[in-house]
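A.B. asks: Starting off with a structure, shown below.
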Amino acid sequence: MKKMMWMACLVMLTMLFVGCKKGSETQKVAEKYMELNQKEDVDGMFDIMYFEKQSTKESMKAMVKEKIANKPEQFKKIKSYEFVDETLDEDKGTAVVNFKVVYVNDSTANNTVKLKKVDDKWLVDSGK
């Protein structure tokens, strides 16, 4: 009987911790993308992006790496970003997550991350 009580408590605690995760799945993927963008981790960014063709993915990756290398220093880094809101369309398997971005030169911009559900997994939609 004591074992059953302990098991019930363990199950309830597990459900409590799992249920308390902050943010939706789409928000987490978009935040991961923003984090990788902030670190200028192009390979990591492209790992969570959806492309219809692998060849497009590789050429885009090379172009983005070159763009980052040639950007003026004051625009290179994201200082911080903050989640604003998201719009989810489960039927179409799409989501749009909006962020407020602050760059190292203290300029700000709104950034939109579009997501697409592919094989039950949310990926950043490259649009390509």
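The values are calculated or read from the model by the stated rules, or taken from the named source; none is laboratory data. Values in this document were obtained by computation on a predicted structure and should not be read as measured data. Here Cβ is always computed from backbone atoms with ideal geometry, including for glycine, and neighbour counts include all displayed protein chains.
A.B. asks: Among the residues of segment 92-105, are any modelled with pLDDT under 95, hydroxyl-bearing (Ser, Thr, Tyr), closer than 20 Å to Glu31 by Cα and out of contact with any Pro (no Cβ under 7 Å at 6 or more places or on another chain)?
C.D. replies: Yes: one or more hits.
A.B. asks: Inside segment 104-128, can you point out the residues that are part of a loop (DSSP other than H, G, I, E, B) and surrounded by 15 or more Cβ atoms within 10 Å (Cβ to Cβ)? Before the answer, list the steps.
C.D. replies: Initially, segment 104-128 is screened for residues part of a loop (DSSP other than H, G, I, E, B), giving 104-107, 119-120, 126-128.
Within segment 104-128, Ser126 is the sole residue that qualifies.
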